[in-house]
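For reference, the structure is listed below as structure tokens.
The values are calculated or read from the model by the stated rules, or taken from the named source; none is laboratory data. Not measured: the values here are computed from a predicted model. Because the Cβ atoms are built from the backbone with ideal geometry, glycine has one as well, and the counts that use them run over all protein chains shown. Remember, those area values only see protein heavy atoms, side chains included, never the ligands or the DNA or RNA. Shrake-Rupley method; radii C 1.70, N 1.55, O 1.52, S 1.80 Å.
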Amino acid sequence: MLATLERELHAVRHRLGRATGLEIEPAADMTDRIVAGVERDLTAATIEALTARERRLVTALSRARRGDYGVCSGCGQRIASRRLKALPDAEACLSCQQSHERGESR
């Protein structure tokens, strides 16, 4: 699993580097300015999402190195391997994650 997390982190950092390197030419007319604004917003959203994913992967790698990877931060039970396969940086089991998203405390 450690190798999978490291590959995911590398891919996210690569995409983050590409996103931050995007340059938008000065706009010539209203349409160009609108398009440039949308591109800047999309780039900013992409950077924000990739940065958050990078943080989660770094945390998952730290947990893997400590030996507590795959343990739910909510209930302390093992996170299902299918969930970890689909979402290697998951910190909570499905039940705890759903409770969290509904605003419930466990």
Item to check | Close pairs (7 angstrom Cβ cut-off, 6 or more residues apart or separate chains): closer than 20 Å to A49 by Cβ in segment 1-13, of a type in the set (D, E, K, R) anywhere | outcome: L9/E54; V12/R53; V12/E54; R13/E54
Checklist entry - Of the numbered conditions (1) open to solvent by 60 Å² or more (accessible area, probe 1.4 Å); (2) at pLDDT below 95, E54 satisfies every one except a single condition; which is it? => result (1)
Checklist entry - Which one is surrounded by the fewest Cβ atoms within 10 Å (Cβ to Cβ) among residues in segment 9-37 that are over 30 Å from D89 (Cα atoms) and at pLDDT 70 or above? => result T31
Checklist entry - Out of all the residues in segment 69-89, which are without any contact (Cβ under 8 Å) to a residue 12 or more places away in the chain and either open to solvent by less than 60 Å² (accessible area, probe 1.4 Å) or in contact with a helix residue (DSSP H, G or I) (Cβ under 8 Å, 6 or more places away or on another chain) (or both)? => result V71, G76, R83
